[in-house]
Amino acid sequence: MIAALVAAVVLLPGLGTHGFWSDAELPALDRVLAALGAGMSDLVRSPWLPDLLRERSYAVLGGEVGLRLPHALAAIALVAMTTGVARSRGASPWVSLLAGGFALAFPVVAVAGRTALGNPVAEALGVAAVLMGLLALRSPSLVRASLAGIVAAGLLALSVASAGLAIGGALPLGALAVAASVERPGAPDGERACIHPRIAVFLWLGFVVTLGIAVMLSLRQGNGYIPLLGAAKDLVLIDKPENRRFAAGLEDLGYGLFPWAPLCVAGALLGRRDRLPALWLGLGVTIASGWSLVYGPVPLPIIVPAALGAAAAVEWMQDPRTDRTGRRLALTVVVLGMLVVGKDASRTPGRVTVPLFAFEGEHSFPGQQLQAPERLGRIGSAALWALLLAGLLAPAGGRGHRVDRLLDRMDPARRAAAPLMLLGAATLVGAWGYAQRLVPETCDLLSPRRVLEHHRALVEAGVLSPQLGNHRVRDEGLSLHGPGDVLTLASRRELATYLGADEPRAALIRERDLPALHQDHRQNGWPLFVLDDHHAHLRLVANLLPSGEEDRNPIPGVLFDEPQPLRHPTMLRFENYIEIIGWEVTEPVVRGRKATLQLSIRVLRPLPGGSQIYARLLKDRTSRINGEPHDLTGGIYPPNLWREGDYILHRFEFEAPALEIQPGPHELIVGLRRNERQNFDISVPQGDRGEHGVVIKGKKRNFAALGEVEVW
């Protein structure tokens, strides 16, 4: 009950404050609306029980809360059952609560509990079937065993109705067979559980038969949907099976359990209680990975065994029988694993922030607006430091060093409780950061609700016309949250004509169309303002700026009619395209911290689309900062739209590596990239040196040093 209460406090508040995530949640909403009588088409089939629960909830509550509440309750049940399983296996109350904390901190639980993504209903029913099956098998009373068995069979049937025969039926049977085969929790060495060996054999036989039926149906399945399997084959994988590898399931494991995945695996292998977490975890990953090769990515149903593994690792660390040297070795391996997972989080934040949705690429994930790499880094760092301190404080056997002998003087009760408190705090910090920060903000950035509500408020205030122009926006949420009067503007000319009228008008456009619209606005002189940029890819634009509103157009911050003065004047021309006439870098550049580079650019003619700029800090070829090229103006105003006489202020924020570079003066090396194989040539200076200390680097005249920057 305590675990369920904590999970409810983390998951339930503000469940309906963030709008429907169009690409991810609207397919589930469409099925619900169709079941309630709305005329819908192109519906995606799915198992019926989760849809039924969402339908009943939506019919009563409506809105985002009605669609998401079944998922939230299932996630709370998973956290509570994780704590209950740990307690029933002999763990202490505090370790059991910590197991629930690990489950709550997993990104898959936060995402599934705050949105309509994933399938926590099926996983909760499968775990409940396993628990009731164990209760039936170990009950000394025939009547109680029979009743528990009937309930377990019913829960297993509901699990199949929620996830199909393989994941909803075979996996719970396999987990139950594993639990029936391992040694009894807390029993003396060598004593078996009070389960007849033949029952375990029958369970394994049921698992094999169920899985075999699922495989047989899959082999005979065409392109249609089989309700017993709860899925239709992924047509993309049928044509290109190389797009999904079996090992991708291991990647999903690391992303879905961030940052605790290494600790979960280590605990599953090192736990002294029994092999249940390891076998259950391996079985879940294997079945789900094999399933995904045919039916596409599926949420790994391994929340409970993974959390049990993490709790087992904590128990192993705190066990006085654990040798100090072995504990340090295991802790080192886990820490290194967490550092690798943390590196992946900074490289692909979309896969870690929302592990239940496959983005087309990191460019389609609003990582910059969310500051996702920094937030994930803080969550990972909190977990890492908590684990290191817990390992330091946990008692262990073997010969101790001076620090260990000093810690041995602490009160035993406080020393035993400190690791659990540290790890518990880290899990709650991560769970709250995901459930109340990252997930809601991601939904808001990918839902048009806030933008359209802003437009509605301006219409009700009498500032804007009720009609909203729509230029190339195909977001399905527009029909759900938008006004009834929407005018489709197919071409850029129609959009410019619409906004160039005298009466107040507004339109919804894609972010990528804003630069071209801004160029038309500059040429023809009609007013243009960006009223709302809360969506990651959409913008609300208008031809007037209402009182109290702020123009959120970023282009005037990089495009000017006059040069912007910077600290260091310079002169560097790339062919007959652009001239760099000034530069400035935040000084001193400190290792491990961020700095900002600014370049003042005079435009001679438009650059080819896709051109990028190099801006490196280099010292003696052994210390390099920011070696890769990056987009001019950060993509705010593409260089193919630049015109003669424009002045561009290019800003770029970078982070100096903490360890890979040397302190001291670094040269600022600048180059201009035409494409992946070719750079622009430098035409001014014509010799090796030019004005303001510019020095050509290399014989090909593609790079030049503008000056020096101090790095500390």
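Couple of notes before you dig in:
- Some residue of segment 580-589 being over 30 Å from Arg449 (Cα atoms), out of contact with any Ser or Thr (no Cβ under 9 Å at 6 or more places or on another chain) and buried (at least 16 other Cβ atoms within 10 Å of the Cβ): yes
- Among (1) out of contact with any strand residue (DSSP E or B) (no Cβ under 7 Å at 6 or more places or on another chain); (2) surrounded by fewer than 24 Cβ atoms within 10 Å (Cβ to Cβ) - the single one Asp323 does not satisfy: (1)
- Assessment of segment 568-586 against the conditions (farther than 30 Å from Ala506 by Cβ, under 34 Å from the mean Cα position of the chain (by Cα) and in a loop (DSSP other than H, G, I, E, B)) yields at least one matching residue.
- Candidates in segment 540-579 are the residues that are in contact with a helix residue (DSSP H, G or I) (Cβ under 9 Å, 6 or more places away or on another chain) and more than 30 Å from Tyr614 (Cβ to Cβ); of these, the one that is surrounded by the fewest Cβ atoms within 10 Å (Cβ to Cβ) is Pro546.
- When residues of segment 86-120 are limited to those that are of a type in the set (Val, Ile, Thr) and within 21 Å of the chain's Cα centre (by Cα), the one most open to solvent (accessible area, probe 1.4 Å): Val108
- Residue that is crowded, with 18+ Cβ neighbours inside 10 Å and basic (Lys, Arg), where the choices are Arg474, Arg437, Arg415, Arg449: Arg449
- In segment 495-525, residue surrounded by the fewest Cβ atoms within 10 Å (Cβ to Cβ) [restricted to those that are in contact with a Leu (Cβ under 9 Å, 6 or more places away or on another chain) and of a type in the set (S, T, N, Q)]: Thr497
- Long-range neighbours under 6 Å by Cβ, at least six apart or interchain, first residue more than 12 Å from Ala99 (Cα to Cα) within segment 408-427, second modelled with pLDDT of 85 or more: Pro419/Ala390; Leu422/Ala386; Leu422/Leu389; Leu422/Ala390; Ala426/Ala382; Ala426/Ala383; Ala426/Ala386
- Residues located in segment 179-212, provided they are open to solvent by less than 70 Å² (accessible area, probe 1.4 Å), among the β-branched types (Val, Ile, Thr) and either modelled with pLDDT of 90 or more or in contact with a His (Cβ under 9 Å, 6 or more places away or on another chain) (or both): Thr210
Quick grid of which residues meet (1) closer than 18 Å to Trp712 by Cβ; (2) hydroxyl-bearing (Ser, Thr, Tyr):
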site: Thr586; (1), (2): yes, yes
site: Val590; (1), (2): yes, no
site: Ser600; (1), (2): no, yes
site: Pro606; (1), (2): no, no
site: Gly645; (1), (2): no, no
site: Pro663; (1), (2): yes, no
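- Applying the criterion of being under 29 Å from Gly296 (Cα atoms) and hydroxyl-bearing (Ser, Thr, Tyr) to the residues of segment 333-392, the residue that is surrounded by the most Cβ atoms within 10 Å (Cβ to Cβ) is Thr353.
- Exactly one residue out of Leu125, Leu97, Leu78, Leu117 is assigned to a helix (DSSP H, G or I) and farther than 30 Å from Asp319 by Cα, and it is Leu125.
- Residue check for Val429: within 25 Å of the chain's Cα centre (by Cα), outside any helix (DSSP H, G or I) and buried (at least 16 other Cβ atoms within 10 Å of the Cβ): no
- Pro565 falls short on exactly one of the conditions (1) in a strand (DSSP E or B); (2) closer than 30 Å to Ile696 by Cα, and that condition is (1).
- Among the numbered conditions (1) without any contact (Cβ under 8 Å) to a residue 24 or more places away in the chain; (2) open to solvent by less than 10 Å² (accessible area, probe 1.4 Å), the only one that Pro259 does not meet is (1).
- Of all the listed residues (Gly326, Gly284), the sole one being farther than 30 Å from Ala170 by Cβ and either aromatic (Phe, Trp, Tyr) or in a helix (DSSP H, G or I) (or both) is Gly326.
- Applying a threshold of 8 Å to beta carbon distances and a minimum spacing of six or more residues, or different chains, the list of pairs starting in segment 50-62 at a residue that is part of a helix (DSSP H, G or I) and ending at one that is loosely packed, with under 15 Cβ neighbours inside 10 Å reads Glu55/Leu36; Tyr58/Leu36; Ala59/Leu36.
- Of all residues in segment 441-478, those that are part of a helix (DSSP H, G or I), touching a Leu at 6+ places or on another chain (Cβ under 9 Å) and not aliphatic (A, V, I, L, M) total 6.
- Among the residues of segment 277-302, those identified as open to solvent by 10 Å² or more (accessible area, probe 1.4 Å) and under 20 Å from Leu125 (Cβ atoms) are Trp280, Leu281, Leu283, Val285, Ile287, Trp291, Tyr295, Val298, Pro299, Leu300, Pro301.
- Tally, over segment 650-664, of residues that are modelled with pLDDT of 95 or more and buried (at least 19 other Cβ atoms within 10 Å of the Cβ): 1
- Any chance Arg591 is of a type in the set (D, E, K, R), at pLDDT below 95 and in a loop (DSSP other than H, G, I, E, B): yes
- Condition met for Ile613 (farther than 21 Å from Val558 by Cα, aliphatic (A, V, I, L, M) and open to solvent by less than 40 Å² (accessible area, probe 1.4 Å)): no
- Here Trp526 clears all of (1) in contact with a helix residue (DSSP H, G or I) (Cβ under 7 Å, 6 or more places away or on another chain); (2) outside any loop (DSSP other than H, G, I, E, B); (3) within 25 Å of Asp646 (Cβ to Cβ) except the condition numbered (2).
- Condition check for Arg351 on (1) of a type in the set (Lys, Arg); (2) in contact (Cβ under 8 Å) with a residue 24 or more places away in the chain; (3) more than 22 Å from Gly290 (Cα to Cα); (4) not in a loop (DSSP other than H, G, I, E, B): one failure, at (3).
- Tally of residues being open to solvent by 70 Å² or more (accessible area, probe 1.4 Å) and not polar (S, T, N, Q) across segment 640-649: 2
The values are calculated or read from the model by the stated rules, or taken from the named source; none is laboratory data. In this text the structure is predicted, and so the values were computed from the model without any measurement. For neighbour counting, all protein chains shown are included, and Cβ atoms are generated from backbone atoms with ideal geometry for every residue, glycine included. Ligands, DNA and RNA are stripped out before the accessible areas are found, and what is left, the full protein with its side chains, is counted by its heavy atoms. Shrake-Rupley method; radii C 1.70, N 1.55, O 1.52, S 1.80 Å.
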